[in-house]
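Asker: Dumping the structure here so I can ask a few things about it.
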Amino acid sequence: MYYTMKERGSLGPRREFDELPISSDVQAEPARYKQLAALADMAHRLVPGVGASEFDLARYLTFDPDCILTFSRNGRLLGGMAFLFLNHRGHDALLLDEIYLTKPDIGLLSRSDEDVSAIYIWAIAAVGRGIGGLGNAAAHLRKPRYKAADCFAQPSSAAGRNIMFATGFRQTPSFQPDLWCYTRPWNRAPRIETPSYIVQRGAL
């Protein structure tokens with residue numbers, strides 16, 4: 001995951017990704033084609049190593065119009081967040097380090113009529129209050145199409161690792177280097193409580 005946040009902005013107290021508050025100051029909306037050049041430029045300026053071009057972003061947006069969210073306030077673009085909605089093949093490829101994450105194969109992505117098996121957070125880039133859009137993005141990922149899918153990411157910086165830890169992501173065993181996973185609360189195995197028995201003296 002390419003990640004950067006610049007200037008002001010804080011997530012505040014540690015809380016799980018699905019518990020982040022929705023911001024009324026920041027609008028999170030699916031990206032439009034006319035915004036892709038600005039998003040690509042922002043990513044190149046803010047995140048070292050990003051190679052996605054406007055053409056690359058357009059290719060994935062055409063395949064899935066919901067795969068890129070923009071964060072804006074009062075009409076000003078503050079950043080965006082991009083996802084890979086993986087099908088079962090893509091999910092396996094991610095864990096086995098058999099996916100080219102810079103330019104993933106479209107065949108590993110979920111079609112609109114397919115279940116989303118896993119969500120890979122491909123990139124986050126924002127300035128100022130754009131960080132507030134994370135709660136809105138989390139709400140977006142609670143839609144029925146995505147709700148059953150756990151989220152994965154590879155933080156590329158100390159800031160990215162900090163935000164992963166602060167929002168309930170944990171490193172997960174895989175062949176993919178430094179892969180972090182956020183298990184959705186409803187996908188977690190229930191905790192088994194060990195019963196406590198109190199035996200009185202002289203009673204069986």
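Read the figures in this text as sums done on the coordinates, not as results from a lab. Worth saying up front: this structure is predicted, and the values here are computed from it rather than measured. FYI the Cβ positions are ideal-geometry reconstructions off the backbone, even for glycines, and counts take in every protein chain you see.
Asker: Using mean Cβ contacts within 10 Å as the protection proxy, how do 173-184, 129-140 order, highest first?
Answerer: My ranking of the peptides, most packed first, is 129-140, 173-184.
Asker: How long is the gain from Asn162 to Arg142 if the chain were fully straight, where each residue apart is worth 0.36 nm and the alpha carbon distance is subtracted?
Answerer: 4.9 nm
Asker: On to the next question. Between the DSSP loop rule and a limit of at most 13 other Cβ atoms within 10 Å, which chymotrypsin sites (Phe, Trp or Tyr not before Pro) in segment 74-131 are left?
Answerer: Here the sparse-neighbourhood loop sites are Tyr100.
Asker: Something else about it: Give the residue list of trypsin sites (Lys or Arg not before Pro) in segment 49-121 that are DSSP loop and have at most 11 other beta-carbon atoms within 10 angstrom.
Answerer: none
Asker: In whole percent, what relative contact order does segment 2-187 give with Cα contacts below 8 Å and a gap of six or more residues?
Answerer: Value for segment 2-187: 31 percent.
Asker: Also: For segment 79-84, take each phi angle, set θ = phi - 60°, evaluate the Karplus expression 6.51 cos²θ - 1.76 cosθ + 1.60, and give the result in whole Hz per residue in order, putting x for glycine and proline.
Answerer: Residue by residue, segment 79-84 yields x, x, 9, 10, 10, 10 Hz.
Asker: From the Cα gyration tensor of segment 2-187, with a ≥ b ≥ c the square roots of its eigenvalues, which class applies: rounded if a/c is under 1.5, or else prolate if a/b is larger than b/c, or else oblate?
Answerer: Taking the square roots of the gyration eigenvalues as a ≥ b ≥ c, segment 2-187 is rounded.
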